Amino acid sequence: AQSVTQLDSQVPVFEEAPVELRCNYSSSVSVYLFWYVQYPNQGLQLLLKYLSGSTLVKGINGFEAEFNKSQTSFHLRKPSVHISDTAEYFCAVKKGYGQNFVFGPGTRLSVLP
Amino acid sequence: SQTIHQWPATLVQPVGSPLSLECTVEGTSNPNLYWYRQAAGRGLQLLFYSVGIGQISSEVPQNLSASRPQDRQFILSSKKLLLSDSGFYLCAWSRVNSPLHFGNGTRLTVT
């Protein structure tokens, strides 16, 4: 079965510092990859997606992610975080031919002043 | 543009009472529809998904059921709520080769 790993459950970082949130998935077939952000008591908002093409994907709010097929990873990065980036971040995978999206357990990013 | 509506935003129900959460999508036709549950401090658990009217796939056997009476309407129900049904319920839609788009969620507290 498809699985998604987010090794870091919590990531504290100071404002204006860079951050990387890690995501690894298990699949030997073609997949689509996504990062979502969730603010308290809200639904999930799409940050970025990889469907095909360039392995470096740019999203909203200055985030970007790089698809690495050999390492089955899709890590999320931002060069300089803001207080407003404090939220829960979820990595998700969907098989190219399937209907199901599988989510990782989430990483709570806390940006400190 | 497409929008997804989910209501109510919060709900407090006693154990043993019925449940009905509704979700509607506007601006698209024949979407795939999903119900997820998010327990406190945990990730998302897929409960049901539907690829068409009357077509429901259940991912986890439990005290809940889902129905899709119309193309863009997805309903989550229970005949008798349990304490363990408490959580944050999220409806979402997608099309082929597109991301999931989520509603704002319903916070359900079973007392």
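The values are calculated or read from the model by the stated rules, or taken from the named source; none is laboratory data. For clarity, every value in this text was computed on a predicted model and none was experimentally measured. Methodologically, a virtual Cβ is constructed for each residue, glycine included, from the backbone with ideal geometry; neighbour enumeration extends over all protein chains shown.
General remarks:
- Only one of A:Val13, A:Val93 that is touching a Ser or Thr at 6+ places or on another chain (Cβ under 8 Å) and more than 25 Å from B:Arg95 (Cβ to Cβ): A:Val13
- Residue in the range B:97-108 that is more than 12 Å from every other protein chain (Cβ to nearest Cβ) and either assigned to a strand (DSSP E or B) or without any contact (Cβ under 8 Å) to a residue 24 or more places away in the chain (or both) present: yes
- Annotation: A:Phe74 fulfils all but one of (1) surrounded by 12 or more Cβ atoms within 10 Å (Cβ to Cβ); (2) of a type in the set (Phe, Trp, Tyr); (3) modelled with pLDDT under 90; the unmet one is (3).
- Residues of the range A:89-113 that are buried (at least 20 other Cβ atoms within 10 Å of the Cβ), assigned to a strand (DSSP E or B) and within 13 Å of chain B (Cβ to nearest Cβ): A:Tyr89, A:Phe90, A:Cys91, A:Ala92, A:Val93, A:Lys94, A:Phe101, A:Val102, A:Phe103, A:Thr107.
- Unmet requirement for A:Ser70, which otherwise passes all of (1) touching a residue at least 60 places away in the same chain (Cβ under 8 Å); (2) hydroxyl-bearing (Ser, Thr, Tyr); (3) not in a strand (DSSP E or B): (1)
- Here A:Ser80 meets the list (1) at pLDDT 95 or above; (2) more than 13 Å from the chain's Cα centre (by Cα); (3) under 26 Å from B:Cys91 (Cα atoms) almost entirely, failing just condition (3).
- Those residues of the range B:3-56 which are surrounded by 15 or more Cβ atoms within 10 Å (Cβ to Cβ) and in a loop (DSSP other than H, G, I, E, B), in sequence order: B:Thr28, B:Pro31, B:Gly43
- Hits in the range B:58-90 (condition: more than 30 Å from A:Gly53 (Cβ to Cβ), hydrophobic (A, V, I, L, M, F, W, C) and either within 14 Å of chain A (Cβ to nearest Cβ) or part of a strand (DSSP E or B) (or both)): B:Val60, B:Ala66, B:Phe74, B:Ile75, B:Leu76, B:Phe88
- Considering the conditions (1) more than 10 Å from the chain's Cα centre (by Cα); (2) farther than 27 Å from B:Ile4 by Cβ; (3) part of a strand (DSSP E or B), A:Glu20 is excluded by exactly one of them, (1).
- Scope the range B:37-76; condition of a type in the set (Phe, Trp, Tyr) and touching a Cys at 6+ places or on another chain (Cβ under 8 Å); matching residues: B:Phe74
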